[in-house]
Each structure stands twice: as structure tokens, then as C-alpha cells.
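Participant: Just passing along the structure, written as C-alpha cells.
The values are calculated or read from the model by the stated rules, or taken from the named source; none is laboratory data. Since the structure is predicted, the reported quantities are computational estimates derived from the model, not experimental observations. All Cβ positions, glycine included, derive from the backbone under ideal geometry; neighbour counts span all protein chains shown. Just the protein is used for accessible areas: all its heavy atoms, side chains included, with ligands, DNA and RNA removed. Shrake-Rupley method; radii C 1.70, N 1.55, O 1.52, S 1.80 Å.
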Amino acid sequence: MAAPPATAPATARCLSVAKSCWAAERSSSSFVLSAPATGLRQSGSRVLSIRAKVATGLQRACIADDGAERPWKLSDARLVLEDGSVWTAKSFGASGTQVGEVVFNTSLTGYQEILTDPSYAGQFVLMTNPHIGNTGVNPDDEESNQCFLGGLIIRNLSICTSNWRCKETLEKYLIKRNIMGIYDVDTRAITRRLREDGSLIGVLSTDQSLTDNELLEMAQKWKIVGVDLISGVTCDAPYEWSDKTDSEWEFKRDPSSETFHVVAYDFGIKHNILRRLTSYGCKITVVPANWPASEVLNLKPDGVLFSNGPGDPAAVPYAVKTVQEIIGKVPVFGICMGHQLIGQALGGKTFKMKFGHHGGNHPVCDLRSGRVDISAQNHNYAVDPESLPEGAKVTHVNLNDNSCAGLQYSKMKLMSLQYHPESSPGPHDSDTAFGEFIELMKSNRL
């Protein structure tokens, strides 16, 4: 009997595949790779195939200081934090110099939704999940029409993408939108620093002509507290929204038989908030952040939504005044920034948290029922429950730090949540909050 063919060692097979990837990238950013005949399992006459797109920023040859060519990309970017620490990294996406507040996000997936969440305006988002880019990006997962964050910080950038919905690589996506990104940096160490010291201002730069001290000076002079970031992300004019959650993603099977007209204030609203409200039977009119309350009330809506948004609620007194003029007249629902503006409109105070809540795994307890939801959150400010007037009731608390995560004021016909019931990304535990808003509007009709 003839001896079976020798099987190549695993390391040799991996090296062979990697060399094929590098060779394919030189000719095209997309390739189909057939597996070697030996060493990998076949099924009948069908050979395993891998269809993927190469992330083009990873395998560029670089010239080192000694003049030798390297087959891998060398560090060409820096993150300088206001505490004086300097972190070398490799760049992808846009080039240049950018200043922002560094926050960390603990979501395991959903980086595209995070990139297009307007609430991240003025911030660099550090992903604690080490492997980013493997699913690419697609047009269906956008949470707004553009990226508002300052930059993306990750540990490992995937060398290829493999997902049936992928349309382009993460790097190409960031280049088109002029967003900076860095990888091959110790995100675990930076996260620990942020947890210990709080959120820090940082500067991302690929400009080698700038010294570390110059970048440090930029970081220490830049401020985000007290800055109106909402005016830079809100819409320019009112518009109607009618898109529902796509049927293939819809998990709610009992839509409301009634239709409710909701006016949504756009403080940086996410598309999935609008989709979920529409799926619950709402007709939605979206208005800019500075739209007069009198104009909204003239529309005689069944309810008003105050959306999520970026920055410090104390920096937008015009929005607080608008909320004051509307609450008590029609049912209202506040989400994230909307929750904080409601707190201030009631006479309460907000404060900046040490490092905020950013991620899709925050446990929240509904104090009315004892139910615990895992929630998606993204905020650096919170409402001080001790400053709220009598009648305003705390309905939810974050179980990580007992901060206020929800309010209710029956007399004023209002409810609010500090977190994101629409998720995207994140778990759908809290989607029932939209149903609660529907019931609030129903009861007001009676």
C-alpha cells in the first residue's frame, strides 16, 4: 500500500496562505484564495475557498531608519495624552493631526454604528475589543449620514474582511470620510489609565514635523467641557421619517394598530431610534435642535422625543429652555442627552462622570419591577438625582455605579432613559421602552 501524502505543518500552511494574501494584495484589493490540495480537508471534488477583501493599509512595505526595506508597516503615528504620555502606533484611514477627548468603548462588535453615532462628536473612541475590521462595513448599518467622531483607536486591524454584507474595508471607509485611525497600540494600558485618571484629552498625529511637546501643548489647551457640540451635528431643516426596521431584523411581532405623530428633536439622533419608533406605529417629524417649541406645539403632536447627542448638556441652554416649554403639555420621551436636558429643565443638575459609560454591556435595574436589562450606553454626563424636584422619580439605576439611568414624572407626562433602548449596536432588552412611550401617548388621548 502506498504511503499517504505528507501533510504540511500548520505553521507552513499558515505562512503559505499569508504569502498568497500578500501577493494578491499587490494586484488587487479583493481576491479569491483556493486552499492547498494537501493538508486541508476537501469535500468530494469541492475545494475550500476563502473570499475576502484585503485591508490595504497593513502590508505596505516601509523603509526603516537604517535604509532597509521592511515587508510590514512601521509605526508612523502618535497619540499624545494631556498627562504627558506618548503612545506610538501605526496609522490607517486619514492622515493629519486631530484633537479630541479619549473614551473607551467595551462593545464586542458594531464598530460601524459607533463610528456613525453623532454622540461621539469631539471624541476619539478606543475599542477595548482587540480585533476590529474583520466584518468590514456596509451601507445598512449607518446610524447617521456621516462620521462625527475625531478618530478610532484599536489594538489589531484585521488584514482581511469576511462577511456576506461587507462592501468595503474599514480603512477605505475611514479614508473616504476623512477620519483618522491608529492600531498596534496598547489599548489595554490606555483603558486602565482612563479608568484610573478619567477621560483625557489627546492628540492623534501622523505629522512627523511636530514634536511630542508641541502635541502635548495642543492637548492641554483644548477643552470640551462647556462646548456646544449639538449645533454641529443637528439637521438643518425639518424632515419626515418613515423607514421601519427591516423585516429580516424585526423581532417585535405585534405592531400598534394606532398611529401617533411624534416630533423628534435632533440633538444628534441615531437612525435606529427613528426606525424603532416607526415600527411601533409612529409618524415622525424630525426638527433641528434650535427649532422653536411653539412651532412644535402648533403641529399638535401626540408626543415629543428629545434625542441623544454629544457633549455637555449645560452648554446648550437654548435646548433646556425648549424642553421647559414643552414638558407638561404633551407626553415626552428623552434618550441620553434628552434625559439630561429633561433633568436640567426640571431644575436638576448634571455632572461630568469620571470616564463615562460607553459600551453594550451595562446592567440597568428597573426599580419599579426589579427587572435587569443589559443596555447599550454612550454618555459622559449624568443627572444628579438628589437635585431633582419632588414628583420626579428615578425609575432606573446603572448597577455598575448606581448612577441615575431613568426618570419618570407622571404629572408632567414624561419619561426618560440615560441609555439607548434602540441599541444598534447592543442588546435589545430595553426595546420595550418604546412601547411604554406608546402607552403614555395612548393614555393622554383618553
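Participant: For segment 76-137, take the convex hull of the Cα atoms, compute a quarter of its surface area, and give me that in nm², please. Before the final figure, lay out each step's value.
Facilitator: Values: hull surface 19.3 nm².
Spelled out: convex hull of the Cα atoms, projected over all directions, averaged, 4.8 nm².
Participant: I'd like the per residue volume of the convex hull spanned by the Cα atoms of segment 242-318, given in cubic angstrom. Walk me through the intermediate numbers first.
Facilitator: Values: hull volume 7.2 nm³, N = 77.
Once divided by residue count, the hull of segment 242-318 is 94 Å³.
Participant: Share of segment 117-243's accessible area from carbon and sulfur, percent, 1.4 Å?
Facilitator: Working: 2690 of 5960 Å².
On segment 117-243, the fraction of accessible area on carbon and sulfur atoms equals 45 percent.
Participant: What is the Rg over Rh value, at two decimals, for segment 123-273, using alpha-carbon atoms and the Kirkwood definition of Rh? Provide the component values of the computation, followed by the final result.
Facilitator: On the way: Rg = 19.4 Å, Rh = 19.0 Å.
With Rg and the Kirkwood Rh in hand, the quotient comes to 1.02.
Participant: Just to be sure I understand the model, the point goes 7 Å from the Cα along the line to the Cβ. What's the resulting Glu436 to Lys354 distance in nm?
Facilitator: With each label point 7 Å from Cα toward Cβ, the separation is 2.8 nm.
Participant: Using only the Cα atoms of segment 187-283, each taken as one equal point scatterer with no solvent, compute I(q) by the Debye sum, divide by I(0), and report log10 of the ratio at q = 0.13, 0.15, 0.23 Å⁻¹.
Facilitator: Listed by q, the Debye log ratios stand at -0.76, -0.83, -1.19.
Participant: Multiplying the sequence separation of Gln146 and Ser369 by 0.36 nm and subtracting their Cα-Cα distance, what value in nm do you get? Show your work: numbers first, answer last.
Facilitator: Values: separation 223, 0.36 × 223 = 80.28 nm, distance 3.87 nm.
So the extension gain works out to 76.4 nm.
Participant: Okay, next question. When you count, for each residue, the other Cβ atoms within 10 Å and take the mean per peptide, how do 377-386, 191-200 rank with the highest first?
Facilitator: Working: 377-386: 21.0, 191-200: 15.7.
Descending packing order for the listed peptides: 377-386, 191-200.
Participant: In what sequence, largest accessible area first, do Lys413, Lys352 appear using a 1.4 Å probe?
Facilitator: Lys352, Lys413
Participant: To the nearest 20 debye, what is the magnitude of the charge dipole of segment 189-323 about its Cα centre, counting +1 on the Cβ of each Lys and Arg and -1 on the Cβ of each Asp and Glu?
Facilitator: Dipole size: approximately 400 debye.
Participant: If you take the C-alpha gyration tensor of segment 253-364, multiply each eigenvalue by 5 and take the square root, what semi-axes do you get, largest first, in whole Å? Each step should come with its number before you reach the end.
Facilitator: On the way: eigenvalues 110, 76, 26 Å².
Square roots of five times the eigenvalues give 23, 19, 11 Å.
Participant: Counting heavy atoms of the protein chains only and a 1.4 Å probe, report the per residue accessible area for segment 97-150 as a whole number of Å². Display every interim value, and only then the final one.
Facilitator: Values: 1550 Å² over 54 residues.
Here the per-residue accessible area is 29 Å².
Participant: Is the shape of segment 321-446 best called rounded, prolate or oblate, per the rule: a/c under 1.5 gives rounded, else a/b larger than b/c gives prolate, else oblate, with a ≥ b ≥ c the square roots of the Cα gyration tensor eigenvalues? Mind dumping the intermediate values first?
Facilitator: Numbers: a/c = 1.72, a/b = 1.21, b/c = 1.42.
Cα axes put segment 321-446 in the oblate bin.
Participant: Which value, in Å³ per residue, describes the convex hull spanned by the Cα atoms of segment 230-445? Intermediate results must be reported in sequence, preceding the final value.
Facilitator: Values: hull volume 24.7 nm³, N = 216.
Per residue, the Cα convex hull of segment 230-445 comes to 115 Å³.
Participant: Given labels modelled 7 Å from the Cα in the Cβ direction, how far is it in nm from Ala315 to Glu390?
Facilitator: With each label placed 7 Å out from Cα toward Cβ, I get 3.7 nm.
Participant: Given the whole protein assembly as supplied and a 1.4 Å probe, what does the accessible area of Ser247 come to in Å², nearest 10?
Facilitator: Near enough 100 Å² of accessible area.
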